[in-house]
Amino acid sequence: MSARDNILRRLRAAPQGEAPLAPDVPAFYAAVSASAPPSTRASRIELFCEKMAFWRGEVVRVSRANWPQKLREICAEKGVRSLLHGEASVHAEALKAAGIAGLKPYDRPLGEWKKELFEDTDAGFTSTRGGIAETGTLIVWPDASEPRLMSLVPPIHFALLDADQLHDTLFDAMHAQRWSDGMPTNALLVSGPSKTADIQVTLAYGAHGPKELVVLLLVNEEEMQ
């Protein structure tokens, strides 16, 4: 009998213990919620803005009527000459109507314009599926109309987030949005711009993605300030 066979024989002969019980995740979060102050829309917005600022992300409160114009103003302030967007996304027409200079549709396979995408694109604009107030995190759900590279390659990432889709925790977001019914191949949780401290424990931004993250937070008129 070989050493391998002997090891396998001993493993099979070992007494079988009981399978560990699965953690009761809903009960855990219910207990956490019961001991925390009541959650409100206003408190979620404030906490999200606070946490996103901690991660060096920028949050700009906008309305459903003025967000394209506000995006145009920010692009001008930051010297954005080209803004990548999803040609087939639900926001494409609003971006075009706002007269944003340098709109660049993501309408070709990567291999046809890789050099331009990586070297001559200043910013990318994407929608989001929601946000997590507890950690100041965006939920980005890439698909064919807004591929992953749109939020990964350009130096600046503009993201549109509806305050109606702000959730207290990741668990709340997964439950409310029924993630178990189907997920994309690449669901993203984004907290601030790209950062790393791998080299000499010195924090650097933009090593693995955008150097800047600007969240356009859709709120009601009375929540603008």
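What follows is calculated from the coordinates using simple rules that are stated; it is not laboratory data. Predicted, not measured: the structure shown is a model, and the values here were computed from it. Cβ placement follows ideal geometry from the backbone for every residue including glycine, while neighbour counts extend to all protein chains displayed.
In sequence order, the stretch 86-97 has phi-based couplings of x, 4, 9, 6, 5, 9, 4, 5, 5, 5, 5, 5 Hz under the Karplus curve 6.51 cos²θ - 1.76 cosθ + 1.60, θ = phi - 60°, and Gly or Pro positions carry x.
Tally Lys/Arg at +1 and Asp/Glu at -1 over every other residue whose Cβ is under 15 Å from the Cβ of Ala207; what's the total?
Details: positive: Arg56, Lys195, Lys211; negative: Asp198, Glu212.
Once all neighbours under 15 Å are counted, the net charge is +1.
For Cα pairs less than 8 Å apart in space and 6+ apart in sequence, what is the mean separation divided by the residue count of the chain, i.e. the relative contact order in percent?
Working: 359 pairs, mean separation 55.4, N = 225.
Computed over the chain, the figure is 25 percent.
Principal-axis analysis of the Cα atoms of the chain puts helix 25-35 at an angle of about 60° to the longest axis. The chain gives an Rg/Rh value of 1.11, both radii derived from C-alpha positions and Rh following Kirkwood.
Which trypsin sites (Lys or Arg not before Pro) in the stretch 50-117 pass both tests, a DSSP loop state and at most 13 other beta-carbon atoms within 10 Å?
Answer in residue order: Arg64, Arg81.
Sites listed here are trypsin sites (Lys or Arg not before Pro) in the stretch 125-225 whose DSSP assignment is loop and whose Cβ has at most 11 other Cβ atoms within 10 Å: Arg178. Couplings 3J(HN,Hα) for the stretch 181-198, derived from phi with the Karplus relation 6.51 cos²θ - 1.76 cosθ + 1.60 (θ = phi - 60°), are 6, x, 10, x, 6, 8, 7, 10, 10, 10, 10, x, x, 5, 8, 7, 10, 5 Hz, where x marks Gly and Pro.
Modelled spin-label separation between Ser35 and Leu203, with each label point placed 7 Å from Cα along the Cα-to-Cβ direction: 2.8 nm.
Relative to the longest principal axis of the Cα atoms of the chain, the long axis of helix 41-54 makes an angle of roughly 90 degrees. Using the rule -39500 (n - 2.57) for each DSSP H run of four or more residues, divided by the residues of the chain, the 222 nm mean residue ellipticity is -8500 deg cm²/dmol.
Between Glu223 and Glu93, the C-beta separation translates, for a Förster distance of 30 Å, into a calculated FRET efficiency of about 0.75. P(r) tail for the stretch 1-106: Cα pairs beyond 15 Å make up 79% of the total. Derived scalar couplings between HN and Hα for the stretch 61-72 equal 6, 9, 9, 5, 8, 10, 4, x, 5, 5, 4, 4 Hz in order, rounded to whole Hz, by the Karplus curve 6.51 cos²θ - 1.76 cosθ + 1.60 (θ = phi - 60°), x for Gly and Pro.
List the residues, sorted by chain then number, that are 5 or more residues from Arg81 or on another chain and whose placed amide H is less than 5 Å from its amide H. Correct list: Asp122.
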